[in-house]
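Have a look at the structure below before the remarks.
Since every read-out is calculated from the coordinates, none of them should be taken as a lab result. All values derive from a computational prediction rather than experimental measurement. Here the Cβ is made from the backbone with ideal geometry for all residues, glycine too, and neighbour counts use every protein chain on show.
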Amino acid sequence: MSETDTNTDGSEEARTDGGGPGIVAPDDETPTWRERKERTTGLSRLTYEYFERARREDQDLRTESDYVERDVLAFPTWPHETVRNLSIVAFFTGMIFFLAATMPPHIGAPANPSSTPAIILPDWYLYWSFGLLKLGPLNPDLAILGGQKLTADRTYGVLANVVVVGVIAIVPFLNKGSARRPVEQPFWSAVGVGGVVFALTISLLAVKNLMPMNVHLLFDLTFLLPIVATTITYAILKTMREGYMYDLNRRYYRLRPPK
Amino acid sequence: MADEFIKGVGIFTGAGLGWIVLAGWYRTPSFESTRQLVSPVSPNPANADLFNLLAIGLMDVLLWFAILGPLAFWVLLPAARQARKAVEGRRNA
């Protein structure tokens with residue numbers, strides 16, 4: 001029962017709806033003034049003050065007289081979640097009707113199946129895969145083969161798809177996702193940001209004949225920008241983590257505490 | 001602080017929606033074009049009728065409202081407030 005042992009809030013006046021420990025912020029977990037003053041620099045200070053304020057507001061809510069501690073860590077599906085979801089659905093449905101009514105798209109001439117257009121592209125959400133087919137410059141020509149390439153460029157592009165999809169498939173086995181916020185695991189957050197940026201840049205490489213810039217520069221940026229984004233994200237989150245309070249998070253998410 | 005944020009967001013999205021519809025009507029020759037929303041106004045405002053003229057004027061008003069509104073609520077007003085607080089703090093110190 002180490003779970004209940006940590007609940008030394010001593011607030012017997014808090015009413016509960018089914019027993020169980022009340023998860024009121026204990027006063028002895030509140031940092032001392034000395035601890036506060038130790039975190040004095042920039043971003044970590046800001047992170048600390050943000051979560052400290054969130055903790056304080058939560059504590060004030062819980063000590064109000066009409067507060068009832070519930071055993072569930074969520075709102076009921078009906079009516080709370082349903083009404084919210086219906087209003088969101090209504091908003092986006094209305095937005096679709098509004099845009100379709102005010103800006104009806106012109107329907108062009110039917111496609112001619114006997115002629116190939118000058119520019120062929122998949123739908124935009126497959127640009128990343130299309131971009132991976134254009135990695136020809138990365139395909140090494142080997143001196144041992146007399147400057148020949150081991151595989152054709154098109155085979156190389158297909159293999160690149162296998163590699164990228166394989167890496168994405170492996171990630172859930174390397175990181176089980178116990179972090180509730182990016183600040184808790186700066187490395188994996190940085191990897192994620194790098195992946196998103198790479199998805200964007202490789203998509204831009206896919207449409208390189210439409211991009212108004214030097215193709216070689218575009219090719220280099222495709223691989224450099226994800227590295228830059230990863231480094232910046234890691235540095236920022238690593239700095240923020242100094243001011244981050246794990247105890248606050250553990251109180252909120254009892255179901256899956258961070259490692 | 002949160003109030004100022006939602007004011008800025010509301011102005012940006014509301015005015016932006018109005019602008020994008022009007023610019024879709026008056027500054028988009030075709031949805032296949034590469035210069036949508038920024039092409040020259042057509043029909044020409046010089047000989048447009050009253051309703052088109054009103055809509056063309058409203059389009060520019062909404063565009064500047066969508067730019068200046070969030071700028072005011074997110075940058076200018078908070079900066080002025082901070083500056084006033086700093087001045088008062090220095091005066092009291």
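Using DSSP to define loop residues, name the trypsin sites (Lys or Arg not before Pro) in chain B whose beta-carbon has at most 14 other beta-carbon atoms within 10 Å.
B:Arg35
Among the trypsin sites (Lys or Arg not before Pro) in region A:117-176, those located in a DSSP loop and surrounded by at most 10 other Cβ atoms within 10 Å of their own Cβ are A:Lys176.
When region B:2-92 is described by a simple charge dipole with +1 on each Lys and Arg Cβ and -1 on each Asp and Glu Cβ, the residue from B:Ala55, B:Asn44, B:Phe73 located farthest towards its positive end is B:Phe73. Plainly put, chain B has a radius of gyration that is 1.23 times its Kirkwood radius, both from alpha-carbon atoms, as the Rg/Rh ratio.
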